[in-house]
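Data block below; observations after.
The values are calculated or read from the model by the stated rules, or taken from the named source; none is laboratory data. Predicted model only: the values in this text are computed from it and were never measured. Virtual Cβ from ideal backbone geometry, glycine too; neighbours counted across all protein chains shown. Keep in mind that these areas ignore ligands, DNA and RNA; they rest on the heavy atoms of the full protein, side chains included. Shrake-Rupley method; radii C 1.70, N 1.55, O 1.52, S 1.80 Å.
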Amino acid sequence: MTLRVITATRGMSAHLAATVASVAAVPGARHILVAPAAAGADLARKFPGLTVLAENGTGLYAALNTGLDAPGDEALVTWINDDDLLVAPGLAAALAGLAAAAALGAVYGRVELIDADTRRLGELPVAHRAADLLPLLAAGLMPLAQPGTVFRRSALAPLGRFDPSFRLAGDLDLFVRALRAGVGFGFVDAVVARFRLHGGQLSKDEVAAALEHARIVETLPRGPAFAPRLRFRWANLPVYLERVRRHGFVRMQSLYRHD
């Protein structure tokens, strides 16, 4: 199955070449860069094998919509930031999971945290049981990560596009809409992507992110969450232990200090 990878960029990331190389390592992947029109010619010169599109609208999610709307027959789609990396073996496992299960509309895997020098900082905790995703989200936990998730384009089509009114949580909004629409999610126990932590990221705006998160989660029905939370914590015990070993008893947000 063919894969479309969308990256919204201003064209200034020092890590963009590494991001492009990580996508190029995935057989059959088509990489689309969406950037301001003024940056297009320079990006096309630097990366001649890529599709470079001028963003249509303002903000990250408007740019991603430009990439989603681009013509092409790729069956699958994912999106990564212009400083993150795909991990080809893990992504291959995710694609194999989709190929083997026609009922699945999306597959997600583990996501490694790295610093500006690509050194490992740990991992993001993710649910190992896809049926727990909605209960965990309703309980205020984030059980999957955007860079490690691949969708069938046919599963996304009925959901519409990203909501550009979000500045930080448009991915979460799309995940929730997909889950509530009955899109089947599957988990693959492999590192699919690497998420780079550094100063200046949008996700560091904790207050604004929390407000957008609450706006989405408050629409979910509350239900029993004890068992899903217990499974989530137990499955991610190695993740928590590594964080303590590397960084001490810290909140995830404190890892952004590693620049």
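More than 22 Å apart: what percent of Cα pairs in the chain qualify?
Values: 18325 of 33411 pairs.
For the chain, the fraction of Cα-Cα distances above 22 Å is 55 percent.
If eta is 1.567 mPa s and T is 4 °C, what Stokes-Einstein diffusion coefficient results for region 128-167, Kirkwood Rh from Cα pairs, in µm²/s? Show your work: numbers first, answer last.
Details: Rh = 12.2 Å.
Diffusion coefficient, whole number: 106 µm²/s.
Between Leu50, Leu230, Leu85, which gets the highest mean-square fluctuation from a Gaussian network model of the chain, Cα cutoff 10 Å?
Looking only at Leu50, Leu230, Leu85, the largest GNM fluctuation is found for Leu230.
On full extension of the chain, what length is gained from Ala21 through Arg215, given 0.36 nm per residue of separation minus the C-alpha to C-alpha distance? Walk me through the numbers before you get to the answer.
On the way: separation 194, 0.36 × 194 = 69.84 nm, distance 3.62 nm.
Length gained, Ala21 through Arg215: 66.2 nm.
So what is the 222 nm mean residue ellipticity for the chain from helices alone, if each DSSP H run of at least 4 adds -39500 (n - 2.57) and you divide by all residues, rounding to the nearest 500 deg cm²/dmol? Walk me through the intermediate numbers first.
Values: 10 runs with 96 residues, N = 259.
Calculated at 222 nm, the ellipticity per residue is -10500 deg cm²/dmol.
Net charge near Ala235, counting Lys/Arg +1 and Asp/Glu -1 over other residues with Cβ under 13 Å of its Cβ? List each step's numbers first, then the result.
On the way: positive: Arg110, Arg129, Arg229, Arg231, Arg233; negative: Glu123, Asp132, Asp189.
Charge balance in the 13 Å sphere: +2.
Ala102 to Ala157: extension gain in nm, 0.36 nm per residue of separation minus the Cα-Cα distance? List each step's numbers first, then the result.
On the way: separation 55, 0.36 × 55 = 19.80 nm, distance 1.62 nm.
Once the chain is fully extended between Ala102 and Ala157, it gains 18.2 nm.
Counting DSSP beta bridges in the chain, what percent are antiparallel, to the nearest 5? Numbers along the way, then the final one.
Numbers: 10 of 33 bridges.
If we restrict to bridges inside the chain, about 30 percent are antiparallel.
Report, largest value first, the span of the C-alpha coordinates of region 1-126 along each principal axis, in whole Å.
If we take the Cα atoms of region 1-126, the spans are 41, 36, 25 Å.
How large is the accessible surface per residue of region 106-168, computed with a 1.4 Å probe and reported in Å² as a whole number?
Values: 2200 Å² over 63 residues.
For region 106-168, the solvent-accessible area averages 35 Å² per residue.
Dividing the alpha-carbon radius of gyration of region 128-244 by 2.2 N^0.38 Å (N being the number of residues), what value is obtained?
On the way: Rg = 14.7 Å, N = 117, 2.2 N^0.38 = 13.4 Å.
So the Cα radius of gyration is 1.09 times the expected 2.2 N^0.38 Å.
Counting only other residues whose beta carbon sits under 12 Å from that of Val192, what net charge do I get with K and R as +1, D and E as -1? Please list the in-between numbers first.
On the way: positive: Arg110, Arg194; negative: Asp84, Glu112, Glu123, Asp189.
Combined, the nearby Lys, Arg, Asp and Glu give -2.
Give me the one-decimal Kirkwood hydrodynamic radius in Å for region 26-82, with the sum taken over alpha-carbon pairs. Write down the numbers at each step before the final one.
Working: mean 1/r = 0.0836 Å⁻¹.
Here the Kirkwood hydrodynamic radius works out to 12.0 Å.
Amide H to amide H under 5 Å from Leu53: which residues, 5+ apart in sequence or cross-chain, H placed 1.01 Å off N in plane?
Leu33, Val34, Ala35
Once neighbouring chains are kept in place and the probe is 1.4 Å, which whole percent of the accessible area of the chain is contributed by carbon and sulfur? Before the final figure, lay out each step's value.
Values: 6930 of 11730 Å².
Roughly 59 percent, rounded to a whole number.
Can you give the local net charge around Leu159? Use residues other than it whose beta-carbon is closer than 13 angstrom to its beta-carbon, Lys and Arg +1, Asp and Glu -1. Walk me through the numbers before you get to the answer.
Values: positive: Arg152, Arg153, Arg161, Arg177, Arg180; negative: Asp163, Asp171, Asp173.
Counting the neighbours of Leu159, the net charge comes to +2.
Normalised radius of gyration for region 14-57, please: alpha carbon Rg relative to 2.2 N^0.38 Å, two decimal places. List each step's numbers first, then the result.
Numbers: Rg = 10.6 Å, N = 44, 2.2 N^0.38 = 9.3 Å.
Taking N as the residue count of region 14-57, the ratio is 1.14.
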